[in-house]
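Written out below as structure tokens is the structure these notes cover.
Bear in mind these aren't lab numbers, they're just calculated from the coordinates by the rules spelled out. All of these numbers come straight from a predicted model, not from anything done at the bench. Please note: Cβ atoms are built from the backbone with ideal geometry, for glycine as well, and neighbour counts cover all protein chains shown.
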Amino acid sequence: MNVLHYVNAFFSNDAYWQGYDGIPTRVSEHLGYTLEALALAALIGLPVGLVTGHYGRGGNALSLIATAARALPTFGLLVLMTMLIGFGMLPVMIPLVVLAVPPILVTTYEAMRSVDPSPVDAARGMGMNEAGILLRVELPVALPMILGGLRSAAIQIVSTATIAAYVSLGGLGRYIVDGLYQRDYEKVVGGATLVAALALATLALFWALGRLTVSAGVRRSN
Amino acid sequence: MNRFFDIPSDLQHSWAGLIGLHLREALLPVLGGLVLALPLAQLCVRLRWLYPPVLWVTTVLYAIPSLAFFVVLIDYTGQTEVTVMIPLTVYTLVVLVPAIVDGVRSVPPETLAAATAMGFGPVRRYAQVQLPIAVPAIIAGLRVATVSSISLVSVGTLIGNQGALGNLLHDATIYNRPELAWNAVLTMAVLAILADALLVGVRVLLTPWMPSGTAGRGQGRGRKEAAAR
């Protein structure tokens with residue numbers, strides 16, 4: 001009875017392909033949690049990282065905030081929030097966003113800081129305003145690293161969103177948590193395989209995103 | 001809050017005992033990960049084609065949810081600490097391998113040439129030139145790995161009280177005592193911050209030639225220099 005056997009048994013079981021506990025439903029729930037958490041984290045991390053990176057100020061404060069956020073245990077935060085707020089989406093979103101903000105924030109800041117200063121000076125000398133420099137000079141150059149930060153945040157969320165099932169929400173964690181309590185290894189392994197596949201799909205998606213959005217010149221110099 | 005440190009007897013440990021257990025379960029995997037990552041990273045530096053597939057494999061392993069990893073391992077290692085520590089060791093690789101590879105690659109070629117010209121063999125050059133220069137990047141990786149390891153141990157509570165301080169979370173729910181959950185979260189956060197600060201201190205000690213204000217930038221800088229070449 002090895003892991004591959006369980007994977008095969010899980011995916012060839014028709015019962016897992018339909019209904020409210022079917023793979024399509026659970027995958028779309030999981031994607032929903034992931035996208036929501038990633039969007040919230042990007043909404044916080046990207047603007048703060050871009051602006052602080054542009055002005056080169058607050059790097060120490062930023063790394064303190066990131067360290068503090070990283071130090072908060074995700075699973076502990078989930079249990080605590082559920083006890084304080086009750087069941088629902090909010091106690092799941094809080095730990096996921098806390099998990100995803102540090103990599104986005106720190107990488108965006110570092111990416112902006114590592115932009116070659118000479119094109120920035122040239123843009124300023126040509127009379128470009130600060131917003132233009134940020135969005136049209138620094139951002140395109142920093143984009144590969146920024147996408148890298150978003151990618152690692154996305155993968156962490158995909159893998160960690162499984163904890164939503166512990167507080168009776170859906171997603172792929174349902175298979176893992178239910179399988180644990182039902183002593184159904186096939187289910188656990190199947191759920192884990194789906195999460196790993198989703199993480200691979202995330203990698204592929206970010207690779208494609210990089211191809212589409214990073215300008216050819218920047219890609220070549222990297 | 002007055003029963004904050006009143007640990008239920010079913011955990012069979014005092015608060016300090018749980019902290020000791022937690023540190024052992026979190027830090028041994030980081031040490032194990034470092035021991036695995038150093039030769040693996042060196043191999044990736046030597047054989048460039050090996051680096052992308054190694055990154056892919058570590059990322060996929062990292063994406064396996066910890067709970068599923070624990071459950072599968074119970075078959076082999078039982079409901080023990082080892083079952084928690086093996087996945088944590090594997091997870092550290094996704095951070096440590098790129099950190100070490102970037103760090104070692106960021107050593108300027110002139111420095112390597114100078115070392116060779118002084119008669120350094122490959123082993124001595126690695127141990128006395130490449131590794132020390134890579135220290136900031138390696139420590140940056142160790143900081144991320146240590147902090148996330150301290151946080152992840154708590155999931156072990158789900159496989160039969162193997163989560164050290166995380167076991168408080170389970171007890172908090174079954175006895176409906178939120179102060180135990182507060183205790184677990186705050187204690188883990190403080191442990192993570194202390195471990196992080198300790199590693200920054202180690203970096204300052206190991207790299208006396210660097211200004212101490214650039215803590216935590218090692219990784220980014222290494223990557224930038226690696227990209228520039």
Checklist outcome for this item: Label model pair B:Leu47, A:Leu135: point-to-point distance (7 angstrom along the Cα→beta-carbon line) in nm is 4.8
Next on the checklist: Once you keep just the Cα pairs under 8 angstrom separated by 6 or more residues, what percentage relative contact order results for chain B?
Outcome noted: 26
Checklist entry - Do any trypsin sites (Lys or Arg not before Pro) in segment A:127-213 lie in a DSSP loop with no more than 11 other beta carbon atoms within 10 Å, and if so, which? => result A:Arg183
Checklist outcome for this item: Residues A:Ile94, B:Ile74, A:Ile155 in order from fewest to most other beta-carbon atoms within 10 Å are B:Ile74, A:Ile94, A:Ile155
Item to check | Against the rule of thumb 2.2 N^0.38 Å, how large the Cα Rg of segment B:14-224 comes out | outcome: 1.15
Next on the checklist: Using a Gaussian network model on chain B with a 10 Å cutoff between Cα atoms, which of B:Leu112, B:Leu11, B:Leu168 fluctuates the most?
Outcome noted: B:Leu112
Next on the checklist: Test of understanding: ordering A:Met145, A:Met128, B:Met188 by Cβ neighbours within 10 Å, fewest first, what list do you get?
Outcome noted: A:Met128, A:Met145, B:Met188
Item to check | Residue list for segment A:139-179, given a label point 7 angstrom along the Cα-to-Cβ vector of A:Trp207 and an amide N cut-off under 20 Å | outcome: A:143-159
Next on the checklist: Rounded to the nearest angstrom and ordered from largest down, what semi-axes does the equivalent ellipsoid of segment B:86-146 get from its C-alpha gyration tensor (root of 5λ)?
Outcome noted: 27, 11, 8
Item to check | Virtual spin-label span in nm between B:Met118 and A:Val7, 7 Å along Cα→Cβ | outcome: 4.9
Checklist entry - Between segment B:65-117 and segment A:57-118, what's the alpha-carbon centroid distance in Å? => result 22
Checklist outcome for this item: Mean projected area, convex hull of alpha-carbon positions in segment B:1-119, reported to one decimal in nm², is 11.7
Checklist entry - Ratio of Rg to Rh for segment A:25-157, alpha carbon only, Kirkwood? => result 1.07
Next on the checklist: Name the residue from B:Leu40, B:Gly160, B:Pro29 whose Cα lies farthest towards the positive end of the charge dipole of segment B:14-224, charges +1 on Cβ of Lys and Arg and -1 on Cβ of Asp and Glu.
Outcome noted: B:Leu40
Checklist entry - B:Glu179 versus B:Leu198, label points 7 Å from Cα toward the beta carbon: distance in nm? => result 2.8
Item to check | Alpha carbon convex hull of the protein assembly as shown, projected area averaged over orientations, nm² | outcome: 23.7
Checklist outcome for this item: Taking the square root of 5λ for each eigenvalue of the C-alpha gyration tensor of chain A, the equivalent ellipsoid has semi-axes, largest first and in whole angstrom, of 39, 21, 12
